[in-house]
């Protein structure tokens, strides 16, 4: 574990760890946003809508002023620990509420996932909920040993999922929280109010739900997060700790 000092955001309590055998960075920041209650109030005024079949919940847009007090600190983290150079491009940013109970999950939602195959995309997950709402877990696929699934690994990863289906059947309709014959859990981060985590979106990960409140569609009660995806303004850089493609 590496304790980080971010001079442009001195109120942060930040640490960096490396995930699994591939050693991709995971940065955990407590006291992330100076105005978390304003964020929750704003989310409470928004109209949430269902999204594509991958996310088991509803989402609403986040206003641009959200980034103003944390932009410099995030830029420092991305430059020094995710090897971003030449600026940061925000691709998506939205409030998210988990609303799908385990019994209603579709096949894809029962397995660990990645946030697309772009090996440079970084996910920023900001918890605006408390510890009883679970957290986030990271996984390794047993058949391939993959902890990340960029585009050039997707075919092999998919073959592994299909082989598991043929030998083990469909996964149980529940959130993936455990080690089993398909995946090993290699890192867990607990939810904490106003905590943010940064990781490469190609890392296999999943939601760890908590109590029944975790499925509420009320932003003041449920598992409210801000989900942001960023990318280097200039592509073509190899991410730190990236597995060899040879």
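The values are calculated or read from the model by the stated rules, or taken from the named source; none is laboratory data. Computed from a predicted model, the values in this text were never measured in an experiment. Here the Cβ positions follow ideal geometry from the backbone for every residue, glycine too, while neighbour counts run over all protein chains shown.
Which one of 165, 81, 126 is surrounded by fewer than 20 Cβ atoms within 10 Å (Cβ to Cβ) and either touching a helix residue (DSSP H, G or I) at 6+ places or on another chain (Cβ under 9 Å) or touching a residue at least 60 places away in the same chain (Cβ under 8 Å) (or both)? If you could, list the steps in order and put the result at the bottom.
Working: 165 fails: either touching a helix residue (DSSP H, G or I) at 6+ places or on another chain (Cβ under 9 Å) or touching a residue at least 60 places away in the same chain (Cβ under 8 Å) (or both); 126 fails: surrounded by fewer than 20 Cβ atoms within 10 Å (Cβ to Cβ).
Within the list 165, 81, 126, the selection yields 81.
Could you count how many residues in region 195-223 are over 27 Å from residue 119 (Cα atoms), touching a strand residue (DSSP E or B) at 6+ places or on another chain (Cβ under 7 Å) and assigned to a loop (DSSP other than H, G, I, E, B)?
4
Note down all Cβ pairs under 7 Å where the first residue falls in region 175-188 and is under 20 Å from residue 25 (Cβ atoms), the second is surrounded by fewer than 18 Cβ atoms within 10 Å (Cβ to Cβ) and modelled with pLDDT under 95, and they're at least six residues apart or on different chains.
Close Cβ pairs satisfying both conditions: 185/178; 185/179.
Assess whether residue 49 counts as being surrounded by fewer than 19 Cβ atoms within 10 Å (Cβ to Cβ) and either touching a residue at least 60 places away in the same chain (Cβ under 8 Å) or closer than 21 Å to residue 213 by Cα (or both). Step through it out loud before you land on a result.
Values: surrounded by fewer than 19 Cβ atoms within 10 Å (Cβ to Cβ): yes; either touching a residue at least 60 places away in the same chain (Cβ under 8 Å) or closer than 21 Å to residue 213 by Cα (or both): yes.
When the stated conditions are applied, residue 49 passes them.
Pick out the one residue from 160, 116, 86 that is in contact (Cβ under 8 Å) with a residue 12 or more places away in the chain, surrounded by 15 or more Cβ atoms within 10 Å (Cβ to Cβ) and touching a strand residue (DSSP E or B) at 6+ places or on another chain (Cβ under 7 Å).
Going through 160, 116, 86 in turn, the sole match is 160.
Residues of region 84-99 being assigned to a strand (DSSP E or B), within 15 Å of residue 233 (Cα to Cα) and out of contact with any helix residue (DSSP H, G or I) (no Cβ under 8 Å at 6 or more places or on another chain), which ones? Give the derivation first.
Here is the first cut: in region 84-99, the ones assigned to a strand (DSSP E or B) are 88-98.
If we keep only those that are within 15 Å of residue 233 (Cα to Cα) too, we end up with 88-92.
Listed by number, the residues that qualify are 89, 91, 92.
Check whether at least one residue in region 143-151 is at pLDDT 95 or above and either under 16 Å from residue 107 (Cβ atoms) or part of a helix (DSSP H, G or I) (or both), and report yes or no.
Checking region 143-151: at least one residue is at pLDDT 95 or above and either under 16 Å from residue 107 (Cβ atoms) or part of a helix (DSSP H, G or I) (or both).
I'm trying to understand the selection: among the residues of region 35-69, which are within 18 Å of the chain's Cα centre (by Cα), at pLDDT 95 or above and part of a loop (DSSP other than H, G, I, E, B)?
Passing the criteria: 56, 62.
Could you please tell me which pairs satisfy a Cβ distance under 9 Å, a separation of 6+ or placement on different chains, a first residue in region 194-206 that is on the phi > 0 side of the Ramachandran plot and touching a residue at least 12 places away in the same chain (Cβ under 8 Å), and a second residue that is surrounded by fewer than 23 Cβ atoms within 10 Å (Cβ to Cβ) and part of a strand (DSSP E or B)?
Pairs found: 194/30.
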